[in-house]
1. Among residues other than Ala27 whose Cβ falls under 15 Å from its Cβ, what is the net charge (Lys/Arg +1, Asp/Glu -1)?
2. Please report the net charge: other residues with Cβ closer than 12 Å to the Cβ of Val304, K and R +1, D and E -1.
3. For the range 182-319, place one equal point scatterer on every Cα, skip the solvent, and apply the Debye formula. What is log10 of I(q)/I(0) at q = 0.15 Å⁻¹?
4. Assuming 1.002 mPa s and 20 °C, estimate D for the range 137-218 with Stokes-Einstein, Rh taken as the Kirkwood radius over Cα pairs, in µm²/s.
5. Leaving out ligands, DNA and RNA, what percent of the accessible area of the range 185-319 is carbon and sulfur, probe 1.4 Å?
6. On a 22 Å Cα-Cα criterion, which of the cross-link pairs Lys26/Lys278; Lys26/Lys250; Lys16/Lys208; Lys15/Lys250 come out too long?
7. What does the charge count around Val277 come to, taking other residues whose C-beta lies under 12 Å from its C-beta (Lys +1, Arg +1, Asp -1, Glu -1)?
8. From the mean inverse distance of alpha carbon pairs (Kirkwood) and the Cα radius of gyration, derive Rg over Rh for the range 39-189.
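The values are calculated or read from the model by the stated rules, or taken from the named source; none is laboratory data. Bear in mind the structure is a predicted one, so any value in this text is a computation, not a measurement. Neighbour counts are summed over all protein chains in view; Cβ atoms, including those assigned to glycine, are modelled from backbone coordinates with ideal geometry. What goes into the accessible areas is simple: the full protein's heavy atoms, side chains included, and nothing from ligands, DNA or RNA. Shrake-Rupley method; radii C 1.70, N 1.55, O 1.52, S 1.80 Å.
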Amino acid sequence: MSVLVYTESEQNKFKKTAFEAASYAKAVAEQLGTTVTAVAINVEDTSSLANYGVDKVLNVTNAQLESFNAKAYASVLNQAADKENTKVVILSSSADSKYLAPLLAVSLNAGYVSNVIEKPSSVSPLTVKRNAFTNKAFEVTHLNSHVSIIGVSNNSFGLVETSGSASVEDFEPTIPELGVTIASVDKVTDKVTIADAEIVVSAGRGLKGPENWGMVEELADILGAATACSKPVSDLGWRPHGEHVGQTGKPVASNLYIAIGISGAIQHLAGINASKVKVVINTDPEAPFFKAADYGVVGDAFEVVPQLIEKLKAFKAQQ
């Protein structure tokens with residue numbers, strides 16, 4: 001009766017969220033006195049999972065699953081849960097996992113709770129603490145179902161490394177009719193993704209045009225950060241829609257979020273509120289973002305950001 005964890009991947013490599021979900025699964029397994037079984041789909045090397053508490057890997061290799069499909073992935077996890085007689089399934093709280101989790105919950109007749117930030121305070125019944133109301137409050141949820149699904153809030157539990165080894169078993173689930181044909185997928189390579197980023201540097205209309213984004217990208221490169229933008233920026237076509245963060249875009253739960261020239265519309269703040277430290281740079285001292293930020297700089301981004309870049313370069317040169 002292993003705890004089952006879905007380990008997300010991209011371009012045949014595990015995402016950071018996979019290791020966080022595995023770390024969380026290990027903590028739950030210790031409370032239950034059992035082991036951790038991971039489901040890995042089309043991953044080149046699964047050995048790293050053992051470093052985060054995984055005891056067994058169900059390795060799925062199938063060309064039909066190269067691109068994410070919620071129906072197909074939910075079916076794979078359903079079959080894995082049946083095989084392992086699983087009573088607890090752990091996922092991340094990524095957009096993909098939130099898409100497939102309800103489908104999996106229906107097929108397993110399971111209770112599902114997302115945005116969980118701590119290991120269970122009790123396992124009888126399973127009791128977890130989660131973020132609620134766009135991270136403005138906490139909620140304690142009791143899961144009384146025979147099977148429970150927990151979605152771990154990104155960057156909340158952290159990575160917990162352990163020593164050990166994991167057995168690997170080839171798993172060949174039945175793939176349902178997908179119902180969707182993917183013609184092509186364009187992916188950005190060699191860049192930090194918003195979902196995995198420890199630091200996110202974001203900018204808004206205060207930059208006045210796409211031609212001024214060079215300094216944002218330079219700052220992100222120095223910090224090893226992902227770049228992001230506000231909704232108006234992506235709507236104007238200044239930046240790709242994949243960089244749009246906020247309630248209507250991608251949620252952000254980074255350790256550090258730097259907002260440049262973003263006033264702080266309520267939808268934007270709701271989507272980045274889970275970030276641990278928020279910094280805003282804006283010429284308007286009355287901008288709503290200053291009320292939500294941990295640190296604020298009132299000033300022109302075209303003056304502040306270049307100085308920040310130079311200071312960071314000098315600091316790194318001394319290391």
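1. -2
2. For residues surrounding Val304, the net value is -2.
3. Cα-only, vacuum Debye calculation for the range 182-319: -0.68.
4. This corresponds to a translational diffusion coefficient of 109 µm²/s.
5. Carbon with sulfur: 53 percent of the solvent-accessible area.
6. Lys26/Lys278; Lys26/Lys250; Lys16/Lys208
7. Its environment carries a net charge of 0.
8. With Rh from the inverse mean 1/r over Cα pairs, Rg/Rh is 0.97.
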